[in-house]
Structure formats: structure tokens, C-alpha cells
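What follows is a single structure, written as C-alpha cells, with notes after it.
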Amino acid sequence: MKLIIPKSTYPFIVILILLFLVELFSPTPIDWTQNFNSDDKRPFGSYLLMDLIKTDLFSNHEIEFKSIPVFNYPESSSSDSLKNYIFITNNLEMQKWDVDKLIKLAEDGNQIFIAASSISFPLADTLDLSLTPNVFFSNLGKTVRIQKFENQNISLNKTYKYEKAFDVVSIKNFNKDSLIVLGRDTDKNIQFIKKQFGKGNIFYCCQPLAFTNYNVVTLNNADYIAGAFSYLPNRPIVWDEYYKPTRALRHSSPLKYLLTYPPLKLGFYLLFFCLIFLLLFQGKRQQRIVPLIQPLRNTSLEFIRTLGSLYYTKKNHKDIADKKFKYFKEFIRSRYHIEFKKENIKELSSRSSLPEKTLRMLFDQSKSIETLTHLTQEGLEDFHSKIEYIYKNCK
């Protein structure tokens, strides 16, 4: 069949081709989505951080990736299995049972490193602190934030500038007796703290963007990451991949995944509109009408009528009664697995819930019909009614 494209569709096809070419050759916009995934090379991914961990910071140790909640983490069996647990995300939304498991890991001697601009209430309550957004008129025009460590041995009086890629949040209302301040900004706002739990510690930084690809390659901000991780012992790493902003997207529908990325979104819409145009302009038939084929006639009813007429004309009521009783006995045998005999009538009555008297009357009548050479129409009708009664009332 030859495909015919109507001339009226030419303008639409040209427009679609031009849109496709413009989108294909136009510069790709930078995706500033905060995802913090270890394999993501976008500005706010953590691909370069993971490369630093593998090659420089913890090069001699294994890195384990976890895509499950903290509650499902295994227990530390011995001091040889102690690890550093790293959580970097924009919003660390942990349930109370997750926080309890996290504290248990710290008490066993593991080190917990958290970088998040927002944490759930159970975790904030456990750390005994609160976060306060620094939304003041003096901060609204700022595009640079400067961080510094409290420990001079780490920072060597260095400051770290964060242009645009920072969160306007600080740690407030904390317990000074249980928390140790490790880092501040130039406005003396607390950004990095440590709290001890048993044999281990929980380190918390409210600037997760400081650990993304954008800041790793900006100025000397990679030194800030090295300084923050210098508080962790040289142990195997457990990297969280569960508490990420894209976790909900990973469990969503394929259509939502397609509409998330601009190239896939463009391809999906292009295919959709092409199908619409195809239905509009090519929906009509392009071939001859298929002739109707009459279905085969069902002659079963005619056969039954012919057979019934034959028996009615012959008027052999005795033969009909014998055939009905033969079919009835087969029905009893297949349904109740018992022969229709005199000695089985009581058991058959129990199985079928029919009166024993009715079954005996039918049995006696069948025996009397067997001895006859001729049966009247009234006798056949009476015999037929008894059998039909059993069919309708048996269980």
C-alpha cells in the first residue's frame, strides 16, 4: 500500500522539523537539579566527590553503596567492621526508628557524617539542635558565603568561598555542653558540629552543596571537603544512595521519567504529535472494502426438531422411557459415584438430599416399565416428571 501524504500537512511537517533542528543544535542548558548522586556529573551531583574519596581521601578502603533505609543496615559485629557512614542530601528525612539505628551504629564505634540543609525532627531532636534560615535583609543580596574551620591545624587560616552554591541556613539553639563546633561562616553562624555517642560520633554540616561537583572544581573548595573528612578515621566507607532527592523519581512511572529530561521529553512530544497527525490525515481506508462473509448456519436445532418429530410419529414411548432412564442412571453414577440400585437407595438419598420414598418410587416404576412391551403416553409423562423432579431438587 502506497503512503499518501496530503499537501495540507506539509506546513506542520516543516514546523516539526525546524523545531527538532533548533532543539538539536541549541546549546544544552545547565541542569542545576540537586540530586547528590555518586554517579551524577551535573553541578549538584557528587561524582567528583566520589572520585576524591576513591583516589585520595580513603583510597585504601572499600566503598559500599546503600539503597535501603538505615533501619535495615546490619549491626557492627566487631571493631574490625567499623565504618564511616556518609549521608549527603538536601533533606535528610529519617523516621525515629532510622535515627535509633543510626545512634546505635555510632555507639558501637562507627562514625556518621551528615551534610544536609534540612533534617527531620527525630534527628534534630536527637542531636539537640535546630536549624534557622538566615533570611535577613542584609543577606538577601549576598552571592558569596565564606566558610572556615575552628581548628587552625586543619584550616591554616584558610577561608573557602562559595559563590551561589550554598544554603542560607545555620545551626541554632544547640546544647553547648554536648556539641562541639567545628566550623562557622564569616558571620559567626555555626555550620559544622560534632556530637559524641558512645564510642563514635555524628558529624553534621548544614551545607551539602559544599560537597557537590560545582564546589569541588571551584577555587580551593576541595580542601574544605578534605578538611571536613579529616575528622573521620581511615576506615571503609558506607555511602548512602537512599535518602536522595531523586529517590521518589526512581520509583515513579516511566512516563514521569521521560518528562524529566528535556531530550526525552522532546522526543516523546514529537512522537505524540506525529501520531496525532497520522490519525487525522491517514485515518481513512486506503484499500477496497472487505466483503462480508456469512457465518455457517447452526443446524443443531433443526436436527433436534427432526429427531423429536421422528419419535413423536413412531410413538414408541417404551423406547423413549428406556433411553431417559439409561441417561438418568449415568447421571447418578457420574455425579454421586454410586449405582442406582435398590440396595443403594438409602445412601443415594443421603448424598442427594432427596426423599428416600421418591427414589424408591422411581426405582419401582423403572422396574415395572422394563417388564412392559408397550407404554402409554400418560405413563411416559408420569415417568418423565419424576426424573425431572430429581434433576431439579438434587444437590
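The values are calculated or read from the model by the stated rules, or taken from the named source; none is laboratory data. None of the values given here were measured: they were computed from a predicted structure. Using ideal geometry, Cβ is built from the backbone for each residue, glycine included, and neighbour counts are taken over all protein chains shown.
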Which number in (1) touching a residue at least 24 places away in the same chain (Cβ under 8 Å); (2) in a loop (DSSP other than H, G, I, E, B) marks the one condition that Lys188 misses? (1)
Tally the residues that are buried (at least 19 other Cβ atoms within 10 Å of the Cβ) and either within 40 Å of the chain's Cα centre (by Cα) or at pLDDT below 85 (or both), restricting the search to region 153-165. 2
Helices (runs of 4 or more DSSP H) (entirely within region 199-258) containing at least 2 residues that are modelled with pLDDT of 85 or more: 213-216, 221-229
Within region 332-355, tally of residues that are small (Gly, Ala, Ser) and surrounded by fewer than 12 Cβ atoms within 10 Å (Cβ to Cβ): 3
Would you call Val168 among the hydrophobic types (A, V, I, L, M, F, W, C), in contact with a Pro (Cβ under 9 Å, 6 or more places away or on another chain) and surrounded by fewer than 20 Cβ atoms within 10 Å (Cβ to Cβ)? yes
Count, please, the residues in region 346-365 that happen to be closer than 26 Å to His317 by Cα and either touching an Asp or Glu at 6+ places or on another chain (Cβ under 9 Å) or not in a helix (DSSP H, G or I) (or both). 1
Residues within region 50-60 that are part of a loop (DSSP other than H, G, I, E, B) and modelled with pLDDT of 90 or more, tallied: 1
Does Leu270 satisfy the condition of being farther than 30 Å from Asp108 by Cα and modelled with pLDDT under 75? no
Could you check, for region 22-29, whether at least one of its residues is in a helix (DSSP H, G or I), surrounded by 12 or more Cβ atoms within 10 Å (Cβ to Cβ) and among the charged types (D, E, K, R)? yes
Unique residue being among the hydroxyl-bearing types (Ser, Thr, Tyr) and in contact with a helix residue (DSSP H, G or I) (Cβ under 8 Å, 6 or more places away or on another chain) when the list is Tyr224, Tyr214, Tyr231: Tyr224
For Leu182, which of the numbered conditions (1) more than 37 Å from the chain's Cα centre (by Cα); (2) in a helix (DSSP H, G or I); (3) not aromatic (Phe, Trp, Tyr) fails to hold? (2)
How about region 356-395: which of its residues are crowded, with 17+ Cβ neighbours inside 10 Å and small (Gly, Ala, Ser)? Ser366, Gly379
